[in-house]
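So the structure is just underneath, and the comments pick up after that.
The values are calculated or read from the model by the stated rules, or taken from the named source; none is laboratory data. Fair warning: this is a prediction, and the values are worked out from it, not measured in the lab. The protein model used for the area step is the full one, side chains on, heavy atoms only, and it has no ligands, DNA or RNA in it. Shrake-Rupley method; radii C 1.70, N 1.55, O 1.52, S 1.80 Å.
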Amino acid sequence: MKIPEKSLLNTQHFDYSDSFEKEFVSKQTHINSSELGKLFFSSGSPWIKKLFSLRNKIVKVFGLKASEHQEKKEYNYEPGDQIGLFKVLEKNDHEIIIGEDDKHLNFRVSLMLDNENNQQHNRKLTITTIVTYNNWWGKLYFFPVKPFHKMIVPSMLNGIVKNLS
């Protein structure tokens with residue numbers, strides 16, 4: 001699917017993009033973007049964590065950024081916060097943009113919550129990723145990553161929605 005019209009990512013240049021969305025009924029009346037960020041980092045399956053660990057070991061050999069083990073701490077999910085490999089770049093009340101710039105590629109992930117049909121409890125969560133290649137190494141890196149990315153993001157989307165509904 002395309003990048004949602006209301007997304008902060010619509011003004012960005014990119015070489016690759018994808019979006020996944022899921023509709024659900026929420027018990028909560030108000031969910032802000034900081035809560036979405038927190039759920040993004042806490043809703044991953046064990047197999048996703050193992051893949052990220054493997055990725056970190058491999059990319060260190062090539063001098064790329066890897067997320068270092070950090071002590072668990074509370075984040076405000078405000079622009080500038082560094083959470084593992086991801087930095088909070090932008091946010092408003094309904095969307096948070098996380099990502100990172102590296103020498104081979106830059107990526108952005110949007111977590112956006114939209115009220116469906118203006119009804120308080122009917123919601124739609126969309127996770128959008130954009131990638132900009134900085135050189136041929138970025139294209140080469142993302143080629144084997146893309147199939148895993150297309151499995152990981154829907155799994156994370158389901159995990160977040162499960163926690164919200």
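For the stretch 92-165, what relative contact order do you get, as a whole percent, if you take Cα pairs closer than 8 Å and at least 6 residues apart?
Contact order relative to length: 25 percent.
Using the heavy atoms of the protein chains alone and a 1.4 angstrom probe, what is the accessible area of the stretch 90-165 per residue in square angstrom?
47
Please tell me which of these pairs span more than 31 angstrom C-alpha to C-alpha: Lys38/Lys146; Lys139/Lys162; Lys103/Lys162?
Lys139/Lys162; Lys103/Lys162
So what are the ³J(HN,Hα) numbers for the stretch 89-99, from phi and the Karplus equation (6.51, -1.76, 1.60; θ = phi - 60°), rounded to whole Hz, Gly and Pro as x?
With the stated coefficients, the stretch 89-99 comes to 9, 8, 6, 9, 5, 10, 8, 10, 10, 10, x Hz.
5 Å is the cut-off here: which amide hydrogens, built 1.01 Å from N in the peptide plane, fall below it relative to Glu90, excluding neighbours closer than 5 in sequence?
Amide H neighbours of Glu90: Ile97.
So between Tyr75 and Asn134, what do we pick up on full extension, going 0.36 nm a residue minus the alpha carbon distance?
Length gained, Tyr75 through Asn134: 18.3 nm.
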